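Novice: I'd like to ask some things about the structure below.
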Amino acid sequence: MTTSTESIVRLSVQDAGELFTLQRAAYVTEAQAHKDLSLPPLTQSLDELARGLVDPEVTAFGLRVGGARLLAAVRVRFSPTESHTAEVGRLVVAPDMQGEGRGSRLLEFVEKNLPDQVQELHLFTGEHSRGNLRLYARFGYEETHRTPTPGGYALVNMIKRRVASGPALSPSLLRLLDNP
């Protein structure tokens, strides 16, 4: 169960080490479900992750308890050429904190705070990620196609078309998230 001491913050390169650890821990169950230890979140280096956090097309958010431990995180990639779309990725929750609504809270936050011009959200997950598939379906994502992988399973590609857009994150809110 999420608590009132948990807050959503914008992640930066200073959070790279902690996010790296969280990502690895969270993706172990995905690797086991798909019998594939070469999932990109498990093979990504700390330097690669840090570069992603300074990429101007990527915005990362985390859920912290009491301003300390990072419990969950998500990244959103905005396309410079297709301003009407955004890709949601690397939604992770610490293994000991899963199943209590933290992933839903982050996904809801992202969706409510997208710029108005973003009308489509794209994401993918492995076909054996039953919990993820249920979560995304609950949020209105629909499967568009499957992409086979060298590991013998498929990635389920999903899309959500926004009916009514929420307010965009204002520059002042982004500053607040950067400096709690």
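The values are calculated or read from the model by the stated rules, or taken from the named source; none is laboratory data. Predicted model, so just to flag it, every value in this text is computed and none were measured. Using ideal geometry, Cβ is built from the backbone for each residue, glycine included, and neighbour counts are taken over all protein chains shown.
Novice: Can you name the condition, by its number, that Gln117 falls short on among (1) polar (S, T, N, Q); (2) at pLDDT below 90; (3) touching a helix residue (DSSP H, G or I) at 6+ places or on another chain (Cβ under 6 Å)?
Specialist: Only one criterion in (1) polar (S, T, N, Q); (2) at pLDDT below 90; (3) touching a helix residue (DSSP H, G or I) at 6+ places or on another chain (Cβ under 6 Å) is unmet by Gln117, namely (3).
Novice: Can you tell me which residues in the range 1-53 are of a type in the set (Phe, Trp, Tyr) and over 30 Å from Pro148 (Cα atoms)?
Specialist: The first filter runs over the range 1-53 and keeps only residues of a type in the set (Phe, Trp, Tyr), leaving 20, 27.
Result: no residue meets the conditions.
Novice: In the range 106-144, how many are part of a strand (DSSP E or B) and either exposed (fewer than 15 other Cβ atoms within 10 Å of the Cβ) or free of Cβ contacts under 8 Å to residues at least 24 places away in the same chain (or both)? Please lay out each step first, then the result.
Specialist: Here is the first cut: in the range 106-144, the residues part of a strand (DSSP E or B) are 120-126, 142-144.
From what is left, the residues that are either exposed (fewer than 15 other Cβ atoms within 10 Å of the Cβ) or free of Cβ contacts under 8 Å to residues at least 24 places away in the same chain (or both) are 120, 142-144.
The qualifying residues number 4.
Novice: Could you list all residues from the range 145-158 that are touching a Leu at 6+ places or on another chain (Cβ under 8 Å) and buried (at least 17 other Cβ atoms within 10 Å of the Cβ)?
Specialist: Answer for the range 145-158, where residues must be touching a Leu at 6+ places or on another chain (Cβ under 8 Å) and buried (at least 17 other Cβ atoms within 10 Å of the Cβ): Val156, Met158.
Novice: Step by step: first the residues of the range 73-87, then only those that are of a type in the set (D, E, K, R) and outside any loop (DSSP other than H, G, I, E, B), then the one that is nearest to Leu121 (Cα to Cα). Which residue is that? Outline the logic, then answer.
Specialist: Our first condition is that a residue be of a type in the set (D, E, K, R); within the range 73-87, this holds for 75, 77, 82, 87.
Next, only the ones that are outside any loop (DSSP other than H, G, I, E, B) stay: 75, 77, 87.
Working: Arg75: 12, Arg77: 10, Glu87: 6 Å.
Among residues in the range 73-87 that are of a type in the set (D, E, K, R) and outside any loop (DSSP other than H, G, I, E, B), the one nearest to Leu121 (Cα to Cα) is Glu87.
Novice: Answer yes or no: is there a residue in the range 47-66 that is in contact with a strand residue (DSSP E or B) (Cβ under 8 Å, 6 or more places away or on another chain), free of Cβ contacts under 8 Å to residues at least 60 places away in the same chain, over 29 Å from Gly152 (Cβ atoms) and assigned to a helix (DSSP H, G or I).
Specialist: The answer is yes; a qualifying residue exists.
Novice: Among the residues of the range 79-101, are any buried (at least 16 other Cβ atoms within 10 Å of the Cβ) and over 16 Å from the mean Cα position of the chain (by Cα)?
Specialist: no
Novice: Also, I was wondering about something else. Just to be sure before I move on: is Ala31 at pLDDT 95 or above and either under 27 Å from Leu155 (Cα atoms) or outside any loop (DSSP other than H, G, I, E, B) (or both) in the structure I sent?
Specialist: Against the criterion (at pLDDT 95 or above and either under 27 Å from Leu155 (Cα atoms) or outside any loop (DSSP other than H, G, I, E, B) (or both)), Ala31 does not qualify.
Novice: Right, something else. Give the residue, chosen from Ala25, Ala50, that is touching a helix residue (DSSP H, G or I) at 6+ places or on another chain (Cβ under 6 Å), buried (at least 17 other Cβ atoms within 10 Å of the Cβ) and over 21 Å from Phe109 (Cβ atoms). Give the steps one after another, and end with the answer.
Specialist: On the way: Ala25 fails: buried (at least 17 other Cβ atoms within 10 Å of the Cβ).
Of the residues listed, the single one that is touching a helix residue (DSSP H, G or I) at 6+ places or on another chain (Cβ under 6 Å), buried (at least 17 other Cβ atoms within 10 Å of the Cβ) and over 21 Å from Phe109 (Cβ atoms) is Ala50.
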